[in-house]
Structure formats: structure tokens, C-alpha cells
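Student: So that we are looking at the same thing, I have put the structure below in C-alpha cells.
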Amino acid sequence: MKLYVRNMACLSCKVVVKEALEELEIQPVKVELGEVETKEDLTENEKQKLNNIIKKVGLELLENKQGAIIEKIRKVVVDYVYHTEEKIITNFSDYLSKKLNYNYTYLANLFPKLKQLLLNNMLLH
């Protein structure tokens, strides 16, 4: 099962989420910035317990598609800024559209929410 987590910005966030999953005896397959994959589907109760644990450090499970896309945008931006030597040949909007497989106009409509998310994230880390 894929879960999306808001505000994951660093290695310590990944560790916190992985430890929370293990505490709940949930087997993680993959824990990446903003995204978690588990072997089994989680019940609503398990999701709530996980959310309660990670909220203590400013993280939060995302429930809707838009929230997940915003988190993916944030992840692409963070990866590009901090973890890649790749130089953009085209403009960043084309780069973002290609990376996420979404029309840029659609993504741009999510930017006001992304701006607030990034501001909150900078305050947390």
C-alpha cells in the first residue's frame, strides 16, 4: 500500500516514519521522502495510529490526491536543489511536468497550497 506523508524533508524524517511503522508492526517495503510503501494494506485504525505517532514530529499522512501531488512537487524540488548535479536544459515548469507526468497548468493550480506547505516545512526543519 502506498501512503503519502507531508513535511518529510530529510533523512531523520525517513527514520522516524520507519520506526513508527515498526512500532506498529507494519512491514515497510520502501520509505522515501513523502512516500511510504507497505506490504499490506493498512486499516483505518492503523493509519490513525501511524498518523498520531508521526504528528508528534510535525509529519502527517495525506488522504487526498492533491495533497499527494503537492508532496511529490516538493520532493522533486528538494531532490533537484539538494541532491542532483543535473542542469535543466528547458525551463523548470517543463522539467517538473516531465518528472511528475502532469500538465504544468494543473500543477500550477496547486502552487498556492505548495507555497504554504513549503513555508510550514521551513519552520519545522
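A short reminder: the numbers here are calculations on the coordinates, not readings from a lab. Keep in mind it's a predicted model, so treat the numbers as computed, not measured. All Cβ positions, even for glycine, are placed from backbone atoms using ideal geometry, and neighbour counts span all protein chains on display.
Student: Work out, step by step, the length gained on full extension between Asn103 and Glu23: first 0.36 nm times the residue separation, then minus their alpha carbon distance; give nm to one decimal.
Tutor: Additional length available on full extension: 24.9 nm.
Student: Sequence-distant or interchain residues sharing an amide H contact under 5 Å with Gly34, placed H: which?
Tutor: Val5, Met8
Student: Which entries of Lys18/Lys99; Lys14/Lys98; Lys55/Lys75 show an alpha-carbon separation above 21 angstrom in the structure shown?
Tutor: From Lys18/Lys99; Lys14/Lys98; Lys55/Lys75, over 21 Å: Lys18/Lys99; Lys14/Lys98.
Student: Please compute the contact order of the chain in relative form: average sequence separation of alpha-carbon pairs under 8 Å and at least six residues apart, divided by the residue count, as a percent.
Tutor: 27
Student: Sticking with this one: Grab the beta carbon distance between Thr84 and Glu40, set R0 = 25 Å, and tell me the FRET efficiency rounded to 0.05.
Tutor: Computed FRET efficiency for Thr84 and Glu40 comes out at 0.15.
Student: Let me ask you something else. Mind checking which of Pro112, Ile26, Gln66 is farthest towards the positive end of the range 1-117's charge dipole, using Cβ charges of +1 (Lys, Arg) and -1 (Asp, Glu) about the Cα centre?
Tutor: My answer, from the dipole projection, is Pro112.
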